[in-house]
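Heads up, the thing below is written out as structure tokens.
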Amino acid sequence: MEFTPFVDVMGWAREDDDEDKADIQVVTCGLYNKMVTSTFGVTVQVDVLLSEIKSLDEFDALAIPGGFESYSFYEEAYSEVVSQLIRDFDSKSKHIASVCVAALALGKSGILKGRNATTYRNSLREHSIRQQQLRDFGANVIVDQPIVIDKNVITSYNPQTAPYVAFELLSRLTDENKAKKIKTLMGF
């Protein structure tokens, strides 16, 4: 739910049957293996390994879905390789989109210090552990806003926001009209 909206939204924009097809390619990457076991045991074959990326100039944006600790999400998301990738995208003011707890990877990288952001909020609890962790990384956590945008960074607070984060990213990669059109075509 957090990964596929980026593929679907960008795919719809690319395959739009009008003349204004978006020239957007989604490239999936993995840290250690091309076959990645994602949350809940779903295996995904990625296009490239991070170590195979020669230049960030080939990319306009970085999208990071969230995940569960029990599936090694934090081990990978908090790695220095991922942190450096995030810092490199941010230093070039490239778009960075994160869903749910993926904002913690942004926080760990240091790019959210003093910036507005959000992350997973368990609505069944008064106090959010994950939002406190993001605060500890120096972010100004906006508690009750589902999607928070600060300059080139988009963060969100639960899996349900994933399609809307993808639409926001599409609007930044193309324009607001294209994003609205694709949103309508997809039934949102």
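The values are calculated or read from the model by the stated rules, or taken from the named source; none is laboratory data. Nothing here was measured: the structure is a model prediction, and the numbers come from that model. Backbone-built Cβ (ideal geometry, glycine too); neighbour counts: all protein chains shown. For the accessible areas, the whole protein counts, side chains as well, though only heavy atoms, and no ligand, DNA or RNA atoms are used. Shrake-Rupley method; radii C 1.70, N 1.55, O 1.52, S 1.80 Å.
Structure data summary
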quantity: Cα gyration tensor category, rounded, prolate or oblate, for segment 115-162 with a/c compared to 1.5; calculated: oblate
quantity: Using θ = phi - 60° and Karplus 6.51 cos²θ - 1.76 cosθ + 1.60, couplings along segment 140-147 (whole Hz; Gly, Pro as x); calculated: 8, 7, 8, 5, 9, 10, x, 10
quantity: Longest to shortest principal axis, alpha-carbon extents of segment 10-113, angstrom; calculated: 44, 33, 27
quantity: Candidates ALA22, ALA13, ALA162: whichever shows maximal mean-square fluctuation once the chain is modelled as a Gaussian network with Cα springs under 10 Å; calculated: ALA22
quantity: Value of Rg to Rh for the chain (Rh from inverse mean 1/r over Cα pairs, i.e. Kirkwood); calculated: 0.95
quantity: Nonlocal amide H pairs with ALA97, under 5 Å, H built at 1.01 Å; calculated: LEU62, ALA63, ILE64, ILE154
quantity: Anisotropy class of segment 1-49 from Cα gyration tensor, a/c 1.5 cut; calculated: prolate
quantity: Mean Cβ neighbour count within 10 Å, used as a protection proxy, ranking 109-119, 175-185 highest first; calculated: 109-119, 175-185
quantity: Sum of -39500 (n - 2.57) over DSSP H runs of 4+, divided by residues of the chain (222 nm, nearest 500); calculated: -10500 deg cm²/dmol
quantity: Accessible surface of the chain, 1.4 Å probe, proportion on carbon and sulfur as whole %; calculated: 49
quantity: Mean Cα-pair separation over length for segment 35-176, i.e. relative contact order, pairs under 8 Å, 6 or more apart, %; calculated: 21
quantity: Residue-normalised accessible area of segment 51-188, given per residue in Å² at a 1.4 Å probe; calculated: 50
quantity: For segment 56-81 and segment 143-175, distance of Cα centres in Å; calculated: 16
